[in-house]
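Here's the structure, in structure tokens; my notes come after.
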Amino acid sequence: MTLTDILKKSRDAESFTREELVRMLSYPAHSPESFALMSEARRISEAVCDGKAEIHGQFALDLAPCACNCLWCSFAKKNNVFKDQWRISSEEAVEMALGFERQGANAVLVMTTAAYPFSLLLDMAKEIKKNLKPGTVFIANTSDRTLPQAQQMKEAGFEGVYHALRLREGIENEVEPAQRLASIRHFQAAGLWVGTCVEPIGPEHSNSELAEMIQFTASIRPAFSGAARRIPIPGTTMAERGMISELRMAQCVAVTRIAMPRETRGNCTHEPCTLGTAAGATLLWAEMGANPRDDQEKTEKNRGKDVQYCKDIYRESDWRVLDGPSMHFSSAPAPLKTP
Ligand code: SF4
């Protein structure tokens, strides 16, 4: 299949085979073909998002050495980065959530390690939610959940979750992929939107692995998909494998957008960068507190970026930013504007 065939198929909003995705990922990241795919992904993102990109503000409710031992994560017990554990108070959580709201984040996301008690997550959610403006979209990034737990999360005020089947899940961590899949089904059955991503991409992942994961994310009809590279945590074995370039990540962002159903509005990338947004990313995260890609306890003092930084990234790549609650987590997908 030629690039012309691929672009025509995309413009006709057809779905792609594994082999076609592998072909798209096989072009050198700096090639004319790759840039053409980035342009096509940008066209789709502009159309499905009505030309407006989003910024979500996320912060962690806790920091703890985590027994799931995802080797790319600074919280993993095996990585021995953080030895202490702490939880933020409800007052601190509300303050951070309101801070993101004031800065103009389109959604607020709370993150926990697997060790965080579920009942405490519900209590914190209720407290945060009652302090947010009624329209503010509230999202959780937490561990695997049963259907009754997912229903309780919905009742506590969450509109959606971030949940991903990670690359080499079950091989490079101690999480059962089947558990992830079951949780995604539970969240969706409870009426929670699921946003996801192809992550954490490293230089060792083959095009075939990436294509398979892109197809998986498309199959769950998420609120958003996207692509994010692995950030090396200094001193860990995984850091020795290195990191893909921003340009390669942008290519993955573009191929993911092209492969998603058009009902999926959002296309994320992390960490925030203009190459990613130029190539069709419409969701960036501002971050505060503990961060699994950082070896500092307060990421805002190191890797984490604020809402204004993300706005600047969008401005530099000619995106307008949505003013108001997230449309990625919306029940009414925008009709695709055909060129
Ligand atoms: S990514 Fe999440 S589940 Fe995995 S070690 Fe880090 S905190 Fe635990």
Query - Dipole of the range 26-321 [Lys/Arg +1, Asp/Glu -1 at C-beta], most positive-end residue of I55, S74, G160 - result: G160
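In the P(r) worked out for the range 78-229, what percent of Cα pairs fall beyond 20 Å? Spell out each step's value before the answer.
Details: 6083 of 11476 pairs.
Pairs farther apart than 20 Å: 53 percent.
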Query raised in the report: Given the convex hull over the Cα atoms of the range 11-129, what projected area results after averaging over all orientations, in nm²?
Result: 11.4
Query raised in the report: With respect to the cross-link table entries K52/K126; K77/K301; K154/K301, which display a Cα-Cα separation exceeding 28 Å?
Result: K52/K126; K154/K301
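Hey, what does the equivalent ellipsoid look like for the range 270-312, semi-axes from the Cα gyration tensor as sqrt of 5 times each eigenvalue, largest first, whole Å? Walk me through the numbers on the way to the answer.
Working: eigenvalues 85, 20, 10 Å².
After scaling each eigenvalue by five and taking roots: 21, 10, 7 Å.
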Query raised in the report: Based solely on its DSSP helices, what 222 nm [θ] is calculated for the chain when runs of n ≥ 4 H residues each add -39,500 (n - 2.57) and the sum is averaged over all residues, nearest 500 deg cm²/dmol?
Result: -11500 deg cm²/dmol
Report summary line: Computed D for the range 19-71, Stokes-Einstein, Kirkwood radius over alpha-carbon pairs, 4 °C, 1.567 mPa s, to the nearest µm² per second, is 86
Report summary line: Scattering profile of the chain from the Debye formula, Cα beads only, expressed as log10 I(q)/I(0) at q = 0.10, 0.11, 0.13, 0.14 Å⁻¹, is -0.53, -0.65, -0.94, -1.11
Requested in this report: At q = 0.24 Å⁻¹, work out log10 I(q)/I(0) for the range 192-301 with the Debye formula, treating every Cα as an identical point scatterer and leaving solvent out; two decimals please.
Outcome: -1.33
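Just the C-alpha atoms of the range 139-213: what Rg/Rh do they give, with Rh taken as the Kirkwood radius? Could you put the intermediate results ahead of the total?
Details: Rg = 13.3 Å, Rh = 13.0 Å.
That ratio equals 1.02.
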Query raised in the report: Where does the charge balance sit around L61 when Lys and Arg score +1, Asp and Glu -1, over other residues with C-beta under 12 Å from its C-beta?
Result: -3
Query - Overall Cα dimensions of the range 248-339 - principal axes, largest extent first, Å - result: 45, 31, 24
Query raised in the report: Using a simple charge model, +1 on the beta-carbon of Lys and Arg, -1 on the beta-carbon of Asp and Glu, nothing else, what dipole does the chain show about its Cα centre, in debye to the nearest 20?
Result: 420
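Quote the FRET efficiency, to the nearest 0.05, computed for D12 versus R320 with a Förster distance R0 of 22 Å and r equal to the Cβ-Cβ distance.
0.20
Take the Cα radius of gyration of the range 237-290 and divide it by 2.2 N^0.38 Å, with N its residue count; two decimals is plenty.
Numbers: Rg = 12.7 Å, N = 54, 2.2 N^0.38 = 10.0 Å.
After normalising by residue count via 2.2 N^0.38 Å, the value is 1.27.
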Report summary line: In whole Å, largest first, the alpha carbons of the range 172-249 cover along the principal axes 40, 27, 19
Requested in this report: Would you mind working out the accessible area per residue for the range 219-317, using a 1.4 Å probe, and quoting it in Å²?
Outcome: 34
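The values are calculated or read from the model by the stated rules, or taken from the named source; none is laboratory data. Please read these numbers as outputs of a predicted model, since none were measured by experiment. Because the Cβ atoms are built from the backbone with ideal geometry, glycine has one as well, and the counts that use them run over all protein chains shown. Calculation scope for accessible area: heavy atoms of the full protein, side chains included, ligands and nucleic acids excluded. Shrake-Rupley method; radii C 1.70, N 1.55, O 1.52, S 1.80 Å.
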